[in-house]
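One structure is given below, encoded as structure tokens.
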Number of protein chains: 2
Amino acid sequence: MTLKVIAYARNGFTDKFGIPRQSREESGIETRIVFEPEYSVPEALRGIDGFSHLWLLWGFSKVQGDDVTCAREWSPTVRPPRLGGNKRMGVFATRSPFRPNPIGLTSVRLIGVKANGESGRMELIVSGADLLDGTPIYDIKPYLSFSDSHPDAANGFAEATADYTLEVRMADECGRDVPDKVLHDITEILRQDPRPAYQDDPTREYKMDYAGWRVTFVVEANGKEPNGNYSGTVLVRKIEKI
Amino acid sequence: MTLKVIAYARNGFTDKFGIPRQSREESGIETRIVFEPEYSVPEALRGIDGFSHLWLLWGFSKVQGDDVTCAREWSPTVRPPRLGGNKRMGVFATRSPFRPNPIGLTSVRLIGVKANGESGRMELIVSGADLLDGTPIYDIKPYLSFSDSHPDAANGFAEATADYTLEVRMADECGRDVPDKVLHDITEILRQDPRPAYQDDPTREYKMDYAGWRVTFVVEANGKEPNGNYSGTVLVRKIEKI
């Protein structure tokens, strides 16, 4: 089967660094799903506004940083970031991009449906999408709680790290010129610890680009929790316009 | 993107008639997911047994009865069976097979992982798969409750019909020679009303094939509930070996 791109994701995630490992709709970070001309048909979205959540099927594409679609052979095992990158798991036991068919699956909250004022293209506004800006979308389906929701599902090796967040503090004056919405998004991204797995050097300065702003920060880890997670504080040193 | 088939579903659903419209893991109807030789690698499943639920991404293929993959153009609107087949909804507000990219998405409960005794092929045993026998599988992912489960999601037009089941009664002697497991599955399928949407003729005799058996039944509807569903009784007249 050959997949056609029906839409592209548009958001502030122009940089792979910073993309949440798992989407959290509570973050309130918004993404626009902009339909391609052939699929930009208002009727195709009739009734979708009755659903609070949607599924996106999307491609781990070149924009993801690694050339997933062409370059690599699939590998039976991968090193999940949430296990620190030093333990191997079967690829079908993970959400790794390096799978035989590099399709991603993400549930999002539907915020709105509209035609873009300039282009006239149909758009869905969603929150909770862990997608890079420019990610190709292959399908959009309604979320059906009676078949899709299993709140008590056992999460295997992913269980321990499910609720891991950091505290975020801004240096004086920092973020003063940044629009509220962007500042909110940056704070949410930092709370989820965008560092590569198990890097724990409080002197190391990280840089992350989001929505046209460059964020410089360090992470003061207070130590390892019994579940293997870090607890700690993100100190934002600078936020500059790129 | 071109998708490779990694596995095929194997179960008793050799007939399109009878496939549940939405999968219900409680049904206990089992499906084997049999990996293709290239992907039949035990390491690729390492850690998967820690997850209670999985996602299957699969193809609405020729076996679905309609030649979805080649024949039809996509249509912006479809007539969902649960609305009686007489109201149109946008294709992205439905799980209809007639979508730009005919990929299906189903969550299943993982029952077991094993190598087949005869072929040596790796298999997953799952329950709750609403798939025809022979359906191609393109991806298998772990279900993560903290990102995938939204028990309070609003189900739009699909809400009203979420909990609709019928009572099933067997005629005397009927089902006596049928193996317990097959009889259990047939009962579960009938409970979910396999009739085409809004057919309501108590004199009409239906035939359904499942796992090598042909079931003959009628449905005595007691009337329409306020939510538009039928309530009623399935009377099984005959179950014969095909």
Before we move on, is A:Gly175 loosely packed, with under 15 Cβ neighbours inside 10 Å and either touching a helix residue (DSSP H, G or I) at 6+ places or on another chain (Cβ under 7 Å) or within 30 Å of B:Pro76 (Cβ to Cβ) (or both)?
-> no
In this structure, is A:Phe51 modelled with pLDDT of 90 or more, of a type in the set (Phe, Trp, Tyr) and over 29 Å from A:Asp209 (Cα atoms)?
-> yes
Counted residues, the stretch B:128-166 - those being away from chain A (no Cβ under 11 Å), among the polar types (S, T, N, Q) and over 15 Å from B:Leu57 (Cα atoms) | 1
Which numbered condition trips up B:Ala93, out of (1) buried (at least 22 other Cβ atoms within 10 Å of the Cβ); (2) out of contact with any helix residue (DSSP H, G or I) (no Cβ under 8 Å at 6 or more places or on another chain); (3) farther than 19 Å from B:His53 by Cα?
-> (2)
Among the numbered conditions (1) within 11 Å of another protein chain (Cβ to nearest Cβ); (2) over 29 Å from B:Arg88 (Cβ atoms), tell me where B:Lys114 comes up short.
-> (1)
Taking the stretch B:1-58 and the residues there that are of a type in the set (Phe, Trp, Tyr) and part of a strand (DSSP E or B), the one that is farthest from the other protein chains (Cβ to nearest Cβ) would be B:Tyr8
Subset of the stretch B:179-199, residues touching a residue at least 40 places away in the same chain (Cβ under 8 Å) and outside any helix (DSSP H, G or I), comes to B:Gln192, B:Asp193, B:Pro194, B:Pro196, B:Ala197, B:Tyr198
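Being touching a residue at least 24 places away in the same chain (Cβ under 8 Å), small (Gly, Ala, Ser) and touching a Pro at 6+ places or on another chain (Cβ under 8 Å) narrows it down to one residue among A:Gly156, A:Gly90, A:Gly128; which is it? Please lay out each step first, then the result.
Numbers: A:Gly90 fails: touching a residue at least 24 places away in the same chain (Cβ under 8 Å); A:Gly128 fails: touching a Pro at 6+ places or on another chain (Cβ under 8 Å).
Among A:Gly156, A:Gly90, A:Gly128, only A:Gly156 is touching a residue at least 24 places away in the same chain (Cβ under 8 Å), small (Gly, Ala, Ser) and touching a Pro at 6+ places or on another chain (Cβ under 8 Å).
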For the stretch A:82-100, enumerate the residues that are within 7 Å of chain B (Cβ to nearest Cβ) and not in a loop (DSSP other than H, G, I, E, B).
-> A:Met89, A:Gly90, A:Val91, A:Phe92, A:Ala93
Look at B:Asp67 and say whether it is at pLDDT below 95, farther than 25 Å from B:Leu190 by Cα and part of a loop (DSSP other than H, G, I, E, B).
-> yes
If you check A:Tyr210 against the conditions, is it surrounded by 14 or more Cβ atoms within 10 Å (Cβ to Cβ) and under 15 Å from the mean Cα position of the chain (by Cα)?
-> yes
Do you know which residues across the stretch A:37-46 are in contact (Cβ under 8 Å) with a residue 40 or more places away in the chain and surrounded by fewer than 20 Cβ atoms within 10 Å (Cβ to Cβ)?
-> A:Pro37, A:Ser40, A:Val41, A:Pro42
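The values are calculated or read from the model by the stated rules, or taken from the named source; none is laboratory data. Small disclaimer: the values here were computed from a predicted structure and weren't measured. Because the Cβ atoms are built from the backbone with ideal geometry, glycine has one as well, and the counts that use them run over all protein chains shown.
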